[in-house]
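A.B. asks: Got a structure here, written out as structure tokens. Questions coming.
The values are calculated or read from the model by the stated rules, or taken from the named source; none is laboratory data. Note that the structure is a prediction, hence the values are computed from the model and not measured. Quick reminder, even Gly has a Cβ in these numbers, built from the backbone with ideal geometry, and neighbours come from all protein chains shown.
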Amino acid sequence: MFEEERKREIADYIQQKGRASVLELAQYFQVSESTVRRDLRDLEDTKLLRRTHGGAVSIGIQDNREPSFIEKEDRFSSQKEAVAEAALNFIEDGESIFLDSGTTTYKLAKRLHAFSRLTVVTNSVMVVQILHHQPNINLLLTGGSLRHETQAMVGPLADRSIGSVKFDKLFLAINGIEPGSGLTTPNLIEAETKRRMIESAKQVILLADHSKYGKVSFGKVADLTEIHHCIIDQGISADAVREMEAEGIQVTIAKDR
């Protein structure tokens, strides 16, 4: 196979799969890893992909459309249930926690009845609907402007409210996770509110299903180095886990029952 033909096929391969490691490409195309790295550099220069630590992702997977809460709730539902169940192990009675607005944090909220005493701060209307009647929960809603797409309270009022408290743990939801770009979400205002959450948390725990990895959205929330722990389902690749661990993140794989 000629060099230019190989590069085209590498670009097509990554476009179809979304991402690939250097080792995977070297084995698939039966060339050395150094050849793959050189090809990836050339393809990045021509804007056909974006290199990452240990591989590359397709530029075409950048996604700035914001699906509705209902749309997202139905996607990877069993994986999100597994992540939410695993997250219970990171909560202790008497703690103060922040639940970000997201479908996986919503599933976590449904499980908090198991605790006898918790303080829960949230910007999620959906989480409030779950927790408002539970006497074991000291519940605080941030206030702010409602984003209908995510059912999240965001903007300056939410930001000031979040900045006025400190909580033990933040359970963060996100649209995109990618080492070169960090954590991203489609809406800039919501990205700023998520940044305020991170600043007010003693420990940041990211809850995500594996489909979020390798995706990039418009608004940057944080670098991966600002995250302490990630709970993600078993669909995540070993290469992706190594990339996150290289950024200093502890990774827990939540297994479906």
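A.B. asks: Taking the residues in region 107-142 that are touching a helix residue (DSSP H, G or I) at 6+ places or on another chain (Cβ under 8 Å) and part of a loop (DSSP other than H, G, I, E, B) as candidates, determine which candidate is farthest from Ile189 (Cα to Cα).
C.D. replies: That would be Asn136.
A.B. asks: Can you tell me which residues in region 1-59 are assigned to a helix (DSSP H, G or I) and of a type in the set (Ser, Thr, Tyr)?
C.D. replies: Matches in region 1-59: Tyr13, Tyr28, Ser34, Thr35.
A.B. asks: Same structure again: Which pairs turn up if I take residues in region 106-130 that are within 22 Å of Ala208 (Cα to Cα) and look for partners that are aromatic (Phe, Trp, Tyr) and outside any helix (DSSP H, G or I) with beta carbon separation below 7 Å, at least 6 apart in sequence or on another chain?
C.D. replies: Taking only residues 6 or more apart or on different chains, the pairs are Leu108/Phe171; Val121/Phe98; Val121/Phe167; Thr122/Phe98.
A.B. asks: Does at least one position in region 161-177 carry a residue that is assigned by TED's automatic domain parsing to the domain that holds Asp93, part of a helix (DSSP H, G or I) and not hydroxyl-bearing (Ser, Thr, Tyr)? Spell out the reasoning first.
C.D. replies: First, pick out the residues of region 161-177 that are assigned by TED's automatic domain parsing to the domain that holds Asp93: 161-177.
Checking the rest, the ones that are also part of a helix (DSSP H, G or I) come to 161-163.
Filter once more, keeping what is not hydroxyl-bearing (Ser, Thr, Tyr): 162-163.
Yes; the residues of region 161-177 include at least one that is assigned by TED's automatic domain parsing to the domain that holds Asp93, part of a helix (DSSP H, G or I) and not hydroxyl-bearing (Ser, Thr, Tyr).
A.B. asks: Right, another one. Out of Leu188, Leu131, Leu224, Leu141, I need the residue that is of a type outside the set (Ser, Thr, Tyr) and at pLDDT below 95. Which one?
C.D. replies: Leu188 is the lone residue from the list that is of a type outside the set (Ser, Thr, Tyr) and at pLDDT below 95.
A.B. asks: Say we look at region 1-54 and pick out the residues that are of a type in the set (Ser, Thr, Tyr) and touching a residue at least 60 places away in the same chain (Cβ under 8 Å); which of these is nearest to Glu178 (Cα to Cα)?
C.D. replies: Here the residue is Thr52.
A quick yes/no check of all residues on (1) over 13 Å from the mean Cα position of the chain (by Cα); (2) not hydrophobic (A, V, I, L, M, F, W, C):
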| position | (1), (2) |
| --- | --- |
| Gly182 | no, yes |
| Ile189 | yes, no |
| Lys194 | no, yes |
| Ala222 | no, no |
| Asp239 | yes, yes |
| Met244 | no, no |
| Gly248 | yes, yes |
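A.B. asks: Being free of Cβ contacts under 8 Å to residues at least 60 places away in the same chain, touching a helix residue (DSSP H, G or I) at 6+ places or on another chain (Cβ under 8 Å) and of a type in the set (Ser, Thr, Tyr) is true for just one of Ser145, Ser200. Which residue is that?
C.D. replies: Ser145
A.B. asks: Please work out which residue is surrounded by the fewest Cβ atoms within 10 Å (Cβ to Cβ), limiting yourself to region 182-234 and to residues that are acidic (Asp, Glu) and part of a helix (DSSP H, G or I).
C.D. replies: It comes out as Glu199.
A.B. asks: Would you check which residues across region 16-39 are closer than 20 Å to Ser237 by Cα and of a type in the set (A, V, I, L, M) and list them?
C.D. replies: Ala20, Val22, Leu23, Leu25, Ala26, Val36 - these are the residues of region 16-39 that are closer than 20 Å to Ser237 by Cα and of a type in the set (A, V, I, L, M).
A.B. asks: In addition: Taking region 207-220 on its own, how many of its residues are at pLDDT below 95 and aliphatic (A, V, I, L, M)?
C.D. replies: Qualifying residue count, region 207-220: 1.
A.B. asks: Filter region 155-171 down to the residues that are at pLDDT 95 or above, surrounded by 17 or more Cβ atoms within 10 Å (Cβ to Cβ) and farther than 26 Å from Ala86 by Cβ and list them by number.
C.D. replies: Passing the criteria: Ala158, Asp159, Ser161.
For (1) closer than 16 Å to Met153 by Cα; (2) at pLDDT 95 or above; (3) small (Gly, Ala, Ser); (4) not assigned by TED's automatic domain parsing to the domain that holds Phe167, each residue gets a yes or a no:
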residue: Ala56; (1), (2), (3), (4): no, no, yes, yes
residue: Glu73; (1), (2), (3), (4): no, no, no, no
residue: Phe76; (1), (2), (3), (4): no, no, no, no
residue: Ala82; (1), (2), (3), (4): no, yes, yes, no
residue: Ala86; (1), (2), (3), (4): no, yes, yes, no
residue: Phe90; (1), (2), (3), (4): no, yes, no, no
residue: Gly94; (1), (2), (3), (4): no, yes, yes, no
residue: Leu118; (1), (2), (3), (4): no, yes, no, no
residue: Val127; (1), (2), (3), (4): yes, yes, no, no
